[in-house]
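Have a look at this one before I ask anything.
Readers should treat all values here as calculations from the given coordinates under stated rules, not as data from a laboratory. Keep in mind it's a predicted model, so treat the numbers as computed, not measured. Note that each Cβ is placed from the backbone with ideal geometry, even for glycine, and that neighbours are counted across all protein chains shown.
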Amino acid sequence: MTSPRARTVLALSSEGSRPDVPRPRADIDPDVVLLGRSFAAGDPEALPEAYRRWSALVHTLALRSTGNAEDAADITQQVFVAAWRGQATFDPDLGTLPGWLVTITRRRIADRWEARSRELRAVEAVGTADSREPIADGHDSDVAARVLLADELARLGEPQKRILELAFFQDLTHAQIASLLSLPLGTVKSHIRRSLERLRTRLEVDGVSA
Amino acid sequence: MSPRDTAPRSGHLDPEVIALLALGESPGTGDDFIGAQRHLQSCDDCRHEVEAFSAVAATARTITPDDALVAPPASVWAAIDSELQAPVHTLPVAQRSRRSSWFSLAAAACVGLLLGSGAMYAVTSSQRTTVAPTIVAEASLSPLPGSQASGNVEVVSTSSGAQVLVDVSGLAKPDGFYEVWLLDRKGEKLIALGVLDGTDKGTFAMPPGVAMSDYPVVDVSLEPSDGNPEHSHHSLVRGTLPA
């Protein structure tokens with residue numbers, strides 16, 4: 001998509017202001033909701049924008065789950081092509097676009113594992129039934145949760161990011177963090193609460209528990 | 001959805017206290033903390049909140065540098081772009097989904113049908129000439145993302161010069177009009193051929209001195225009736241004439 005599409009972008013922003021449309025959740029970034037709607041409506045500008053925002057997420061999930069750069073690139077391509085071709089099946093009132101992309105990604109990853117274990121079974125056709133590798137579902141959702149949280153953590157502004165890193169990785173109490181960063185206690189407490197809520201929303205909304 | 005208002009909930013723990021408990025901290029000294037623990041024992045809502053945030057914190061604590069996002073190589077977008085933009089019949093076989101094979105069959109059938117009508121079209125429009133028009137080049141017009149239309153383009157040679165015959169199906173009645181363009185391969189230079197007759201057909205003279213090989217891409221766009229002669233960047237179908 002090399003050409004600018006100023007008009008479709010304009011059409012996109014008026015779409016989002018329709019007051020009668022229910023939103024999935026009040027705590028979701030309105031930009032994400034808007035982009036989901038224009039994606040579902042087939043706005044040609046929505047695909048490159050969705051790719052710009054979430055290709056790294058899709059790619060990282062694929063990379064961490066398959067451990068193979070070629071597979072990861074391939075899955076990323078498949079996910080966005082499938083999402084665009086299946087845009088009519090995405091309901092922006094039922095979920096977010098990144099959540100849907102993550103769902104497609106996990107399905108593609110599972111397909112890849114399935115294909116691998118089929119190959120393995122073919123190779124070991126005369127082996128025991130136990131040689132079938134289970135599909136690493138639990139592993140997969142742990143990875144997905146970590147990648148999503150790492151991403152959301154990276155998106156936090158400062159000092160929120162620093163505060164949470166000190167709490168998570170240095171195990172400091174809010175009082176220690178306040179004194180280290182010379183911030184009022186109340187500010188640190190409030191940042192911790194808001195940031196934790198953001199992380200939790202990201203996990204719930206982007207569907208790793210699906 | 002969980003009861004997670006930002007306003008303090010009467011009779012429940014303060015959300016900030018819940019967050020600190022979830023991180024494994026004691027929220028205050030002495031009585032405060034004992035009070036919070038006692039409340040948790042009797043309040044399912046607050047206990048559920050603490051547990052949910054604890055789970056988030058526990059997962060976050062296992063993050064390693066490996067979990068940082070890695071952007072895909074630039075070739076991935078190029079591959080997506082070409083898979084979605086390319087005329088279906090040029091898709092590499094390995095990348096064809098079931099749907100696109102079906103689609104290319106349908107498109108092929110379409111081209112066959114249109115070839116017939118297009119040829120007739122050419123004959124009718126050149127009845128007064130003695131030389132029968134010959135099809136110099138043809139291509140299918142494939143929908144761009146977001147469009148359901150498709151069609152066919154032929155360049156025919158007539159005694160009065162080359163003509164471009166465009167036939168599209170699946171276009172809605174426009175808010176404005178549909179315009180046909182010739183683009184160079186890079187999409188940087190373009191020539192407006194004219195306006196489609198209604199929503200499906202048009203016959204346009206190839207401008208003299210314009211080589212098809214320099215402008216092989218045929219594009220149909222939706223143009224608002226705003227007097228702006230430039231391309232609206234809202235293309236619906238596109239196809240590339242063979243060199």
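Can you give the extra length, in nm with one decimal, that the chain gains between A:ALA88 and A:GLU165 once fully stretched, where that is 0.36 nm per residue apart less the Cα-Cα distance?
Value of the extension gain: 23.7 nm.
Assuming R0 = 25 Å, what is the FRET efficiency of B:HIS12 and A:ALA175, from their Cβ-Cβ distance, to the nearest 0.05?
Efficiency computed from Cβ-Cβ geometry: 0.60.
Same structure, new question: Which lysines have a Cα less than 27 Å from the Cα of A:LYS161, not counting those fewer than 8 places away in the same chain?
A:LYS189
Where does each of A:LEU185, B:LEU141 land when they are ranked from fewest to most other beta-carbon atoms within 10 angstrom?
A:LEU185, B:LEU141
For B:CYS43 and B:GLN85, what is the calculated FRET efficiency with R₀ set at 41 Å and r taken between the beta-carbons, to the nearest 0.05?
Step by step, r from the Cβ atoms, then E = 0.10.
Sticking with this structure for a sec: Can you tell me how much longer the chain between B:SER26 and B:ALA205 gets when fully stretched, taken as 0.36 nm per residue apart minus their C-alpha distance, in nm with one decimal?
Once the chain is fully extended between B:SER26 and B:ALA205, it gains 56.3 nm.
Something else: Which order do B:ILE80, B:ILE135 fall in if you start with the one that has the fewest other Cβ atoms within 10 Å?
B:ILE135, B:ILE80
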